[in-house]
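Q: Before I ask anything, here is the structure I am working with.
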Amino acid sequence: MRGICRLCGANADLVRSHIIPKFVFSWIKETSATGKLRPGDNPNKRIQDGPSFPLYCRKCEESFSTYENYFARNIFYPHMEGKFKEIVCSDELERFMVGLFWRILDYCSSDFVKLKPGCSIPHSNAHREWRDYLLGKTSTHKSELHLSLLTDGTFTSIDESKLLWYFHRGTDAEIYSSGPGEIIIYCKMPKMILFSSIFPSRPGDFLGTRVSKGSVIEKESAIFNSGFVRFIRSRVDIINQGEASAERKKVVLKSIRADPKRFRKSETMKYLSKEFERHARGDKTHRPRRKQSKQE
Ligand SMILES: [Zn+2]
């Protein structure tokens, strides 16, 4: 498809691009109990892959891919395999994160600005500044970047059902604002959260999550920011509204019976075991408020 590339502005053949990188969805599929992919807010719908759209020319897409490959190889897969202890932040990590946040900012822009017209100026400033950074026109940008590797102890104040499912298996991307003028770009991947605060540019109550060249991201981070915690709770609530149908549950059970070894080794099983342990301990912090349903 011919069109104008959203990043560089060239009139070119546009290739299909993922907002959240494709390797994330591939990992979820590979490690699921059934080998199938279904959205958390609509578990009755089967999808092949994460959403993708013809937005960028090949050159810009290849530039995104270079840093996605760096992130997948050095951070995502080691963390998924439990081999990871800390991240020493690099230029490549920063480039990956700005590319990810710029795509979310660009893709979700029109809805966000309609809902929050008071945020349009900082929003368009960040959009321009990040685009110039990605195109190599500037070497710096003003927004803080944050990465939190999730553990079962992160967000201890949230007690929503399916919190662990959202942590371990969920993907999500959104621009959110919980206060006047606030703009946070948010991306959820399995076992990690990535976000950037456009305004305020120095958000408080995040410990051990700041990404800047040479800084270290520890495995245990702490997030006390009350607006952010409320936002996470609202995202888990969306997942809770998507209940699997009886027919869907039968299909899942049939898949598990057909390949019980796959189910035992799957990340889905690990997540269900953690849920079970939590209830067996009588952990009131995360007590589910609604009936649980298997997602995969
Ligand atoms: Zn381009």
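Q: Say the cut-off is 32 Å between C-alpha atoms; which of Lys116/Lys274; Lys85/Lys254; Lys188/Lys261 go over it? Each step should come with its number before you reach the end.
A: Values: Lys116/Lys274 39 Å; Lys85/Lys254 38 Å; Lys188/Lys261 29 Å.
Long pairs (Cα-Cα over 32 Å): Lys116/Lys274; Lys85/Lys254.
Q: Between Asp237 and Lys142, how many nm apart are label points set 7 Å from Cα along the C-beta direction?
A: Simple spin-label model gives 3.2 nm for this pair.
Q: If you don't mind, another one. Between Ala222 and Glu92, what FRET efficiency comes out of the Förster formula 1/(1 + (r/R0)^6) with R0 = 25 Å and r the beta carbon distance, rounded to 0.05? Walk me through the numbers before you get to the answer.
A: Working: r = 26 Å, r/R0 = 1.03.
Step by step, r from the Cβ atoms, then E = 0.45.
Q: Dividing the alpha-carbon radius of gyration of the range 185-241 by 2.2 N^0.38 Å (N being the number of residues), what value is obtained?
A: Details: Rg = 12.4 Å, N = 57, 2.2 N^0.38 = 10.2 Å.
Taking the Cα Rg and dividing by 2.2 N^0.38 Å, one obtains 1.21.
Q: So what does log10 I(q)/I(0) come out to for the range 97-228 at q = 0.10, 0.12, 0.16 Å⁻¹, using the Debye formula with one equal point on every Cα and no solvent?
A: -0.32, -0.47, -0.84
Q: Normalised by the number of residues in the range 57-168, what is the relative contact order in percent for Cα pairs under 8 Å and 6+ residues apart?
A: On the way: 38 pairs, mean separation 22.3, N = 112.
The normalised contact order for the range 57-168 reaches 20 percent.
Q: So, by mean Cβ neighbours within 10 angstrom, what's the order for 209-216, 141-148, 182-189, 261-268 with the highest one leading? Each step should come with its number before you reach the end.
A: Working: 209-216: 13.4, 141-148: 20.4, 182-189: 22.2, 261-268: 16.1.
Going from most to least packed, we get 182-189, 141-148, 261-268, 209-216.
Q: Another question about this same structure. Dividing the Cα radius of gyration by the Kirkwood radius, what Rg/Rh value follows for the range 91-144? Intermediate results must be reported in sequence, preceding the final value.
A: Values: Rg = 11.4 Å, Rh = 11.6 Å.
The Rg/Rh ratio comes out at 0.99.
None of the figures in this text is laboratory data; all of them are computed from the coordinates on show. Being a predicted model, the structure only gives us computed values, none of them experimental. All Cβ positions, glycine included, derive from the backbone under ideal geometry; neighbour counts span all protein chains shown.
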